[in-house]
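Peer 1: Have a look at this one.
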């Protein structure tokens with residue numbers, strides 16, 4: 001029996017990677033097999049420089065076979081493997097000579113581990129090397145947590161979860177990861193185990209990525225999802241919702257309606273809260289965009305977090321001209337804390353979010369307040385938005401961002417519900433305690449709050465462009481720590497699953513009790529009739545007296 005099986009697929013346009021094959025066969029563990037699955041057309045195979053490369057070693061099992069998708073390919077590899085472990089070695093990956101040994105040691109040391117992954121070295125089309133560090137798995141349920149292109153799996157656990165689901169053509173790995181993590185662990189080896197040679201990046205993607213100033217993973221960073229294939233997006237949603245159903249965290253119930261006392265009144269309808277830190281260049285534009293609104297029943301609360309670039313002086317000039325504009329000087333630069341200060345100081349029925357480097361469309365508040373006034377189940381209203389550059393010029397390549405993929409279950413994997421966001425101010429303060437400063441102080445505070453709200457109230461969609469999101473080199477999401485961003489959203493999702501499970505358990509108890517009561521109630525007439533018949537039998541007939 002072999003100790004490990006290395007799977008190396010060859011698809012259209014991929015020439016045999018001689019170095020990858022040599023390194024696979026030169027592993028420090030002798031008892032390995034290399035499974036090459038060649039689905040290229042015959043014309044490509046004939047052009048192979050070394051046609052005998054695949055037959056040079058008895059440990060190579062070469063299959064010329066077409067597969068409907070990657071999931072079917074991997075299931076075939078699992079079926080023919082003669083070992084307890086399978087290692088995915090995709091095109092462009094060259095394993096270190098001790099990679100298989102380290103994968104095996106990690107699997108043996110972690111009996112609950114279904115998958116092992118590691119750091120790796122990446123070499124781009126220009127030959128530039130960069131170390132790609134992974135993070136220990138935190139049970140993230142979105143597709144954003146990275147595990148690298150090469151991974152090792154325990155075949156026993158793959159069999160127990162049903163292997164790859166061949167109904168997925170694009171996200172079979174994501175779906176498999178979710179099913180494995182239902183019961184097993186995903187373990188990271190703190191070593192560089194391979195080198196990945198990347199494909200050239202399309203020039204237009206480079207140009208657009210530069211405009212977005214996004215340093216996150218993916219060809220367009222945090223905006224990559226906007227260009228996902230529609231079928232892939234639907235598959236991601238299906239995989240996530242299947243996971244929520246398996247874990248009893250899928251929300252079915254109808255949400256509640258927001259009610260205020262009949263005589264409840266507010267000094268102002270909308271409180272626009274603008275947190276600010278060193279935005280002297282943009283904060284005036286943000287305020288001007290509010291002052292231009294077609295809806296004028298608002299106040300502006302600017303919460304400065306210790307700016308040193310003249311932002312305070314810019315805001316103070318506006319305060320002198322318009323008594324609807326208020327400035328709170330806060331010395332601690334924590335976004336969630338800043339927002340909570342603004343919420344407590346505000347007087348409006350609704351809290352309208354506006355970042356200090358962004359702008360409103362002229363009819364923004366009219367659309368948002370109008371929606372919330374006519375949709376009492378919605379605690380939050382979210383609009384469409386467009387992206388612009390430093391000079392307020394729209395970035396046409398991205399078009400309108402609508403976030404129509406949002407619903408209260410799919411929000412568990414997508415980054416959020418979108419922008420602009422307008423909330424019932426008192427509801428989020430009194431019922432949800434505002435933003436979580438302790439665990440989401442610097443990132444994900446709005447996402448965490450939206451998850452909590454979605455478990456009780458609707459998040460409504462306003463089908464208008466109400467917001468302009470500015471991209472520039474100093475965007476806060478650009479300069480934030482990448483791990484912190486991933487960790488905070490993963491934490492928000494894990495907590496949401498626990499809350500949803502508890503909510504569903506309670507609802508199931510209430511439903512069972514209601515069914516029981518209904519059963520008792522419906523059975524009462526039957527029992528009553530039976531009792532009458534029994535009683536009738538016991539009663540002796542009255543004898544007639546003779547006249």
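Peer 1: Among 75, 96, which is assigned by TED's automatic domain parsing to the domain that holds residue 118, within 37 Å of the chain's Cα centre (by Cα), farther than 26 Å from residue 161 by Cβ and at pLDDT 90 or above?
Peer 2: After applying the criteria, what remains is 96.
Peer 1: Just to be sure before I move on: is residue 489 touching a residue at least 12 places away in the same chain (Cβ under 8 Å), within 26 Å of residue 282 (Cα to Cα), in the same structural domain as residue 403 (by TED's automatic domain parsing) and part of a helix (DSSP H, G or I) in the structure I sent?
Peer 2: So residue 489 fails the test.
Peer 1: Could you list all residues from region 165-197 that are in a loop (DSSP other than H, G, I, E, B), closer than 22 Å to residue 112 by Cα and over 20 Å from the mean Cα position of the chain (by Cα)?
Peer 2: 165, 183, 184 - these are the residues of region 165-197 that are in a loop (DSSP other than H, G, I, E, B), closer than 22 Å to residue 112 by Cα and over 20 Å from the mean Cα position of the chain (by Cα).
Peer 1: Another one. Could you grab me the full set of residues in region 24-50 that are in contact (Cβ under 8 Å) with a residue 40 or more places away in the chain and under 36 Å from the mean Cα position of the chain (by Cα)?
Peer 2: 24, 35, 37, listed by residue number.
Peer 1: For region 10-22, give me each residue that is buried (at least 21 other Cβ atoms within 10 Å of the Cβ) and either in contact (Cβ under 8 Å) with a residue 40 or more places away in the chain or under 20 Å from residue 105 (Cβ atoms) (or both).
Peer 2: Selection gives 10, 20.
Peer 1: Within region 172-186, track down each residue that is more than 22 Å from residue 24 (Cβ to Cβ) and crowded, with 18+ Cβ neighbours inside 10 Å.
Peer 2: Selection gives 172, 174, 175, 176, 177, 178, 179, 180, 181, 184, 186.
Peer 1: Could you check region 405-426 and list, in sequence order, the residues that are at pLDDT below 85 and either more than 23 Å from residue 350 (Cα to Cα) or part of a helix (DSSP H, G or I) (or both)?
Peer 2: Within region 405-426, 405, 415 qualify.
Peer 1: Give just the number: which of (1) without any contact (Cβ under 8 Å) to a residue 40 or more places away in the chain; (2) in contact with a strand residue (DSSP E or B) (Cβ under 7 Å, 6 or more places away or on another chain) does residue 126 not satisfy?
Peer 2: The single condition residue 126 does not satisfy is (2).
Peer 1: Scan region 254-299 residue by residue and report those that are outside the structural domain of residue 456 (by TED's automatic domain parsing), under 33 Å from the mean Cα position of the chain (by Cα) and free of Cβ contacts under 8 Å to residues at least 40 places away in the same chain.
Peer 2: Passing the criteria: only 254.
Peer 1: Take the residues of region 427-449 that are touching a residue at least 24 places away in the same chain (Cβ under 8 Å), under 18 Å from residue 376 (Cβ atoms) and not in a loop (DSSP other than H, G, I, E, B): which is nearest to the chain's Cα centre (by Cα)?
Peer 2: Once the filter is applied, the top-ranked residue is 428.
The values are calculated or read from the model by the stated rules, or taken from the named source; none is laboratory data. Since we're looking at a predicted model, the values are computed, not measured. Backbone-built Cβ (ideal geometry, glycine too); neighbour counts: all protein chains shown.
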